1. Would you mind giving the three semi-axes, in whole Å and largest first, of the ellipsoid equivalent to chain A according to its Cα gyration tensor?
2. Using 0.36 nm per residue of separation minus the Cα-Cα distance, give me the extension gain between A:A688 and A:R225 in nm, one decimal.
3. Show me the ranking of peptides A:79-86, A:253-260 by mean Cβ neighbours inside 10 Å, starting with the highest.
4. Taking Cα atoms, how many degrees apart are the long axis of helix A:799-808 and the longest axis of chain A, rounded to 10 and kept between 0 and 90?
5. With just the Cα atoms defining each centre, how far is the range A:665-711 from the range A:1-60? Give it in Å.
6. Would you please give the FRET efficiency between A:R792 and A:E651, computed as 1/(1 + (r/R0)^6) with r the Cβ-Cβ distance and R0 = 41 Å, to the nearest 0.05?
7. Between A:T476 and A:V773, with labels modelled 7 Å along Cα→Cβ, what's the label distance in nm to one decimal, could you check?
8. Excluding same-chain residues fewer than 8 positions from A:K514, which lysines have a Cα within less than 16 Å of its Cα?
Amino acid sequence: MAATRKQYPFDLIEPKWRQFWLDNKTFRASDGGSKPKFYILDMFPYPSGAGLHVGHPEGYTATDILARYKRMRGFNVLHPMGWDAFGLPAEQYAIETGTHPAATTRKNIATFRRQIQMLGFSYDWNREVDTTDPDYFKWTQWIFLQIFKKGLAYESEVPVWWCEGCKAVLANEEVSGGVCDRKGHTNVVRRPLRQWVLKITAYADRLLEDLKLVDWSEAIKEMQRNWIGRSEGAEVKFQIADLKSEITVFTTRPDTLFGATYMVLAPEHPLVEKVTTVAQRAAVSAYREAATKKSELDRTDLAKEKTGVFIGGYAINPVNNEKIPIWVADYVMMGYGTGAIMAVPAHDTRDLEFAQKFNLPVIIVVQAPAGQESIGFVGDGVSVNSGLITGLPTPEAKKKITAWLEERGLGKKAINYKLRDWLFSRQRYWGEPIPVVHCNKCGVVPLPESALPLTLPEMHDYTPPASAEPPLAKATDWVKTTCPKCGGPATRETNTMPQWAGSCWYYLRFIDPKNPQAFVAKDKEKYWMPVDLYVGGAEHAVLHLLYSRFWHKVLYDLGHVSTPEPFMKLVNQGMILGEDGQKMSKSRGNVINPDDVVADFGADSFRLYEMFMGPLEASKPWSTKGIEGVNRFLGRVWRLFVDEKAQQDFELAVAAGTPGEQALAGVKLSPAIKDAVPTPEQLKLLHATIKAVTDDLDAMGFNTAISRMMEFVNEATRWVAAGQPLPRKAAEPFVLLLAPFAPHVCEQLWTMLGYTQSLAYEPWPGYDAALLVAKEVEVVLQVNGKVRDRIRVAAGLPQAELEKLAHANEKVVQHTAGKTVRKVVVVPDKLVNIVAA
RNA sequence: GCCGGCGUGGCGGAAUGGCAGACGCGGCGGACUCAAAAUCCGCUUCUCGCAAGGGAGUGGGGGUUCAAGUCCCUCCGCCGGCACCA
């Protein structure tokens, strides 16, 4: 590309307008006014050292187009950008090189800001936030204190995932199958550690329930539902034979209680020790030890074959007083329900597999519907062999047996969630310090608000102590403090917050980014919230969105925010793959760098291409040929508008060394653009284009909107080639339509059209529906559903008239000859279908 | 295994149950040019045919309908999520 001629001088146009927008603060949003508000948000990026990736601008371009469109439609638009800048890579880099993470972060942010600004996004840069800025994380800490004071933060000894590779504790969500999600390390082990945990489970029901308030894709809602994993059932107590203890199990199928033929405890279950008989002791301890080791390695590998050991003890089934054996098996997890189950092999796939392997009895207690085998049937049927519930369909049987248990104090209705409390502390340096101290006298004491922000101490050595203590433990001067309550000696908390913390509430700070009195002023919050549209990658479908909804609800309960949900509409952009159709990665060598693309084709082409590739939500491969195509389109637009002679002069001038700005100013409007009256044909095309682009934008159909504009340009080029003028009344609205997509070149064209102000707030063109009504239409004539001819007729012809025309048509006659007409279907202005046999 | 989503030309992708393949890429042909590039114009689902014209066609099979890429059933494949959740 470098050697070939540019389609148009984007290299001069684009920097000029970017500077103009920054200098004039064109996109500053005011916190109020008479216009309706529209808050359109991108998921802010982690500014990595690798710089911007072509995947980032996809969502950013989509939101930018909508932000610009909404401004033109008269909305007061809030469209901000910032940096989710705490995180491990900067800390790793610090460990390797001694560079302070803050310095690395500053540098990376500068790169990201430059690259994002290079694309001409209409962010209100006065609202930029950075999660590592003490003025920002002061409020992250403040919110933590509100959560703490509400009793939703607690300390707990938690067996955590410790990654030997990262030298760091990972959240459950960061480990999959014993492998570290961040870097792919495989040496991840469990160790118990004192941790801060947030009680997100207290909000499980509302997080689930309120999904119906938001306009998100069903797929994402479903993912959240699955993650929360609510299931209704009962807790049932089983007496242990010859012991005073009892085992409580959780089951979703209390109706199958009569079919329970054994019980299983998780290997970690505290009762295992107590119930194991002397004879079984050796076997049980060996099994438990093996299970722990396995769980340290790769749990998913266990999914193959069931294992377990009989522990010697028996339990009494409360419904029929049968003695059933108690086993220990690792297919029961300590972390879910009560860590113990009643096994009903006839109606649970896992129990059946286990029972078959160990020859345990299988008793049918649910009759499957006709034609289905009852053994292994896990759906709803009719209870059999089940005493008082025999003969009842499953839902009623559940209700009745639960009530029966409840009356006798043997059990109760219960609800369980897969969702666990949120492990909130990290043993890292580069995160928000948790603003509490540990006092020997007073215990855990929150810092007073006046002590915020609690900043990180300067350190030279960021390596964690081998003890798995956080690196902050090494900053002894910082750690030593006094208790805010009793004034006695105390130590600071050395854990820091996870990266999720800062991103849990950034959308609120954008509303009031510099407020020193509050995390957000009440009136501004009320004006801007909720976020009308939130766009980001699907990788945050569960965690980020769940955590931030949780914080938002806590703030809502405390009266700090006015809406129960933060994000009204959510859209996930798809991934951009490499030209080979594979995920972009350095190792594959298929990474496209936005800097190169912008240098070759300009930001407008880059934006336009990212939108033209396909639907926003789909994954699609990058194509260099494709971007050449849209670049060509913008070239056609340019040539449609500029005077050919002036363009040649411009090129000569630039070649001769005239400063670009001056040369550009000499480029004049094409003489074909005149104050002429548009022809009916031109008007029709213009209005059809306006309607299509408007409708497509409202539906976020960016790719099809661009197609429509291409069609307009193709047609308009033909007019001009044929010597027709391009009336201003058609040219100007077109520039406005294209402006949200390719703002730089459109601003330039707008200037050439004689305007002295930015087009950013020009009213969006309207269309006249009456102009779209065709006078003549093409009607398809079908015989037995096959197209045989097309005829042009006046629009609005009555059905009988159309039918008559069809019967008279030569081609139709050919295909109906010798047949009897059975039926005729007429769709006015569209088609006639003659059914004949 | 379970839950989502998706299968349309050589490629990216369009199509409120009513003309499948808009738009772009690529390809072919033409104009301009000494020539090339750039640009402009035309053609381009496959197949039979010199043509006129015919036939087939939206992952496979079945169904509903005058009419199905679109709705229903079933199977296959790909992508994403969860994964012994009791």
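The values are calculated or read from the model by the stated rules, or taken from the named source; none is laboratory data. Since we're looking at a predicted model, the values are computed, not measured. Here the Cβ is made from the backbone with ideal geometry for all residues, glycine too, and neighbour counts use every protein chain on show. For the accessible areas, the whole protein counts, side chains as well, though only heavy atoms, and no ligand, DNA or RNA atoms are used. Shrake-Rupley method; radii C 1.70, N 1.55, O 1.52, S 1.80 Å.
1. Semi-axes from the Cα gyration tensor: 60, 42, 23 Å.
2. 162.5 nm
3. A:253-260, A:79-86
4. The answer is roughly 70 degrees.
5. Here the two parts' Cα centres lie 23 Å apart.
6. Calculated value: 0.35.
7. 8.9
8. A:K514 reaches A:K138, A:K522, A:K524.
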